Amino acid sequence: MKATAKIIIETLCILVLFGTQILLAIYLQNFTLYADETLRLFPLLVSLTPVALIYLLARFAFPPLLTTALISTTLMVLSLVNNMKLALTNDPLSWSDISSTANASVIWHYLSLQHVGILLAAIVLCILALRINPYNMLSKHGIALNLTACLLIAPIALCSYSDLISQSFAVQTDKLSKKLGVYYISWDWPVNIERNGLPLHLVHTSRRAIPAEATDAQASAFTSLQAPAIADSSRPKNIIFILCEACWHDEQHFKSAFTPLANAGFKEIRSVSPVYGGATVNATFELLTGLPSAGALSGVIYQEYAPLISNSAHTLPRYLRAAGYNTTEEHNHGKQFWKRDIVSPKFGFDKFVGLEDMGQSVTINWADDEILFDHAFNELQKNRSNFMFLTTVSTHGPYPFIDDYGQGYYLSKLSHAIQRVAAFAERVKAYDNNALIMVVGDHKPALNTFFYKEGIFSKDQFETIGETNGEFTFSANSSPEIRGDVPVYIMGKDEARISQFVEKSKGKPFFCLSQLLDNDFINSGVPAYNFAKQNSICANGARMGYKAIVSLYPDWLYSLSILK
């Protein structure tokens, strides 16, 4: 075949492949072509880079027509499967759906004659492509061009792996991705597909760390950590955790809003949240498991690992349920948000209650926390012993700039929310004076500009700064202790034990806060708590940085505690 003809065929194949993906993106993947009446041309081109990279790699083994046919039909099948899964489960396709064979048998139950017809047509198309254009070996010059193109495209197509080069490079890549509108929307996978296309979404979701399978020795060590809850007559009959959305103060800012808690008898602690501005469920994860969310797992854990979490995960609610407690999780927002409705029962809760179960509808406005607390108090009175995990929502961002940097709007929302929390605590105390209640600020509010202007975050915490919250990006070297500093308030009948706990827990991460609370008041027997206690990880004498503490939790503790 003449060189010119080869170039023409190669070019046509690439154009056909790109055209196929663009059509699939528009008609089957709901790709957002326009934003604010502007064509998203650059994001569209970026969405094609995984397809281009696969084509270039496949060309080392297959002729151009067959390569185009194989990839085009694969994209078609993946798009159809994604739509089917989304319709049946409200969850789009992810990399683990392709890479894992654990659920392969279920596919046959969903195959129709239409799907069989599409598969047969795809096979026929590939056979025809091979007959029309048999194997076309790349010349040395072609191999060199192919390799060069791969090297140029790979950093864009595989940007999720930029941290493998360096953390600094990853920060710059993330900054550029956000600026260009092609960043990974990890908290909303359907929207991620709409913004980035299915191929790039699959690359994004392929970056999910899975702890190595435990050895026999590690499994034996884990078994030795397991123990039922110790019989303890002093254990409170009602234990309530309240995860307060974006509830934060320091000594100079917003502290007056928390006066109702102090007046109700709460004592303050400072703790370290694993998240900033969002991803509340990672804070939930640490409080319920005693494991760092930034350890052997990655991303927003509920979102990334929901299918992989064991139905008998070793968590605080499961062990309290075994000790006779009714375990309830409630959140006054949509129950499917962050897949709480999936993870909650796996973590051992008898019941998960979302806003829909409280007789309310999910709207664009954040629900009043009074709805949550009224429902929770009614639930509390139904059982003799309760463990309740309540997550508020009314203080959720954004916080509009109204002649300030958002702090005025935030303070108004915060003050109202804390009044609700304090009123609920007073009702519980009147019902059961021995109840143990802990109120935890899940993370700081995303008030980047305000925090910078007020000196709460110094300039060296950021890679970039500006006049609006969106112009700030955290540096790779920003301090997790500063970024994650949040208030915690605790109240119980035994003031001496409360004071002891407050002293021991100062400045500790959430996973340590949970372990120390268990040690002083609950004695549940959760393996992760026992591991931390045996190794003195959260003891007062441990004066090491956040990242160093996280590194002390081995992969096998995650795989055996949480995963299937």
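Read-outs throughout are calculated quantities, based only on the coordinates presented, and are distinct from any laboratory measurement. Just so we're clear, the structure is a prediction, and the values are computed from it rather than from any experiment. Methodologically, a virtual Cβ is constructed for each residue, glycine included, from the backbone with ideal geometry; neighbour enumeration extends over all protein chains shown.
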> Around Glu379, with a cut-off of 12 angstrom between Cβ atoms, what is the net charge of the other residues, counting Lys and Arg +1 and Asp and Glu -1?
Replying inline: -3
> If Lys and Arg each add +1 and Asp and Glu each add -1, what is the summed charge of the other residues whose beta carbon sits under 12 Å from the beta carbon of Leu411?
Replying inline: +1
> Packing-wise, with mean Cβ within 10 Å as the measure, how do 69-77, 496-504, 45-53 rank, highest first?
Replying inline: 45-53, 69-77, 496-504
> Taking N as the number of residues in segment 182-258, what value does Rg over Cα atoms divided by 2.2 N^0.38 Å take?
Replying inline: 1.97
> Of Ala313, Pro400, Leu12, whose Cα points farthest to the positive end of the dipole of the chain (charges on the beta-carbon: +1 Lys, Arg; -1 Asp, Glu; origin at the Cα centre)?
Replying inline: Leu12
>> List the residues, sorted by chain then number, that are 5 or more residues from Asn386 or on another chain and whose placed amide H is less than 5 Å from its amide H.
In response: Asn238, Ile239, Asn326
> Which log10 I(q)/I(0) values, to two decimals, does segment 4-88 give at q = 0.13 Å⁻¹ under the Debye formula with one point per Cα?
Replying inline: -0.47
> Mind checking which aspartates and glutamates have their C-alpha under 17 Å from Lys85, skipping anything on the same chain fewer than 8 residues away?
Replying inline: Asp97, Asp188, Glu194, Glu304
>> Net charge around Asp174, counting only other residues with Cβ within less than 12 Å of its Cβ (Lys, Arg = +1; Asp, Glu = -1)?
In response: +1
> For helix 216-225, what angle does its Cα long axis make with the longest principal axis of the chain, in degrees from 0 to 90 and rounded to 10?
Replying inline: 20
>> Can you tell me what share of the DSSP beta bridges in the chain is antiparallel? A percent to the nearest 5 is fine.
In response: 40
> Cα extents of segment 508-564 along the three principal axes, largest first, in whole Å?
Replying inline: 33, 27, 18
>> Distance between the C-alpha centers of segment 378-415 and segment 425-470? Whole Å please.
In response: 11
> Stokes-Einstein D for segment 257-297 at 25 °C, 0.890 mPa s, Kirkwood Rh over Cα pairs, in µm²/s?
Replying inline: 202
> Nearest 20 debye, what's the magnitude of the dipole of the chain about its Cα centre given +1 on Lys and Arg Cβ and -1 on Asp and Glu Cβ?
Replying inline: 1320
> Among 460-469, 138-147, 313-322, 480-489, how do they line up from the highest to the lowest mean number of other beta-carbon atoms within 10 Å?
Replying inline: 313-322, 480-489, 460-469, 138-147
> Based on the Cβ-Cβ distance of Gln360 and Glu251, what FRET efficiency does E = 1/(1 + (r/R0)^6) give at R0 = 60 Å, to the nearest 0.05?
Replying inline: 0.95
> Relative to a virtual label point 7 Å from the Cα of Ala149 in the Cα→beta-carbon direction, which members of segment 21-43 show backbone nitrogen distances below 17 Å?
Replying inline: 21-22
>> List the lysines whose Cα sits under 22 Å from the Cα of Lys547, skipping any in the same chain fewer than 8 residues away.
In response: Lys444, Lys459, Lys504, Lys506, Lys508, Lys533
> How many times 2.2 N^0.38 Å is the alpha carbon radius of gyration of segment 451-564?
Replying inline: 1.32
> Which whole-number percent of Cα pairs in segment 298-362 have a distance greater than 19 Å?
Replying inline: 34
>> What whole-number volume per residue, in cubic angstrom, does the convex hull of the C-alpha atoms of the chain give?
In response: 177
> Going by average Cβ neighbours within 10 Å, how do the peptides 323-332, 3-12, 400-409 rank, with the highest at the top?
Replying inline: 323-332, 400-409, 3-12
>> For segment 163-303, I need the span (max minus min coordinate) of the C-alpha atoms along each principal axis, in Å, sorted largest to smallest.
In response: 56, 52, 29
> Dividing the convex hull volume of the alpha carbon atoms of segment 379-520 by its residue count, what do you get in Å³ per residue?
Replying inline: 130
